[in-house]
Amino acid sequence: MSTVDYNYETNGVSIPQPAASPSDGAVSDDPGSEGPVDKSSRQYHRLHEVRQQQGTSLRSISRRLNLTVQEARELEDPRADLRISDLLKWQKILEVPLADLLVDSDGPLSEPVNSRARMLRIMKTAKAIQESAHECGVKRLSNMLIGQLVQMMPELAEVSAWHSVGQRRTQDEVGRIVERSIPDNFFNDPSR
């Protein structure tokens, strides 16, 4: 993929110049910067940081993006120069403002995003308590807590509990056995 750097100016006229890819190990002589900048170490986004703060697994993200986990991990690398359309997909899945996914300073994430991430973790914990509770009093307390959290943030109603064992699947998802099918003649083959 070719990208274009529009920050290069000559005699007041803006001329698009092809930007070197990070794999070239190229150095930028951007007139606005203080000397050459090594593009291979430049960070473009905060996808990994925001995903971890939101408590979302890479596997879940990769499923929603229709990518392998490895492909999602590569996109999540802060040095990966993503297209805006890719950033918008991540933004929709992580449900955060696009500005919080971009690197503009070394400051922390915005307070609304931090607050939402904390509420999400509390709701996941409350749902896990509700699922594992055997006593009536504990179930009643967890139901009250869940109700109060939903009143504060209605989108938390759809949040599921922390996974206790492995990754849960929906009814339409299939397990690994479908990916690694065994031929029909496997059990009837006398050579095995």
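Annotations
- Distant-in-sequence amide H partners of His45 (H built 1.01 Å from N, under 5 Å): Val103
- Spacing of the two label points (7 Å from each Cα toward its C-beta) at Glu155 and Glu95, in nm: 0.5
- The phi torsions of the range 84-101, fed into the Karplus equation with coefficients 6.51, -1.76 and 1.60 and a -60° offset, translate into couplings of 4, 4, 5, 4, 5, 5, 4, 4, 5, 5, 7, 6, 10, x, 4, 4, 6, 8 Hz, rounded to whole numbers, with Gly and Pro shown as x.
- Area projected by the alpha carbon convex hull of the range 36-159, averaged over all directions, nm²: 9.0
- Extension gain for the segment Phe187 to Val103, taken as residue separation times 0.36 nm less the Cα-Cα distance, is 24.7 nm to one decimal.
Any read-out appearing in this document is the output of simple, stated calculations on the displayed coordinates, not a laboratory observation. This structure is a prediction, so every number in the text was calculated from the model and none was measured. Please note: Cβ atoms are built from the backbone with ideal geometry, for glycine as well, and neighbour counts cover all protein chains shown.
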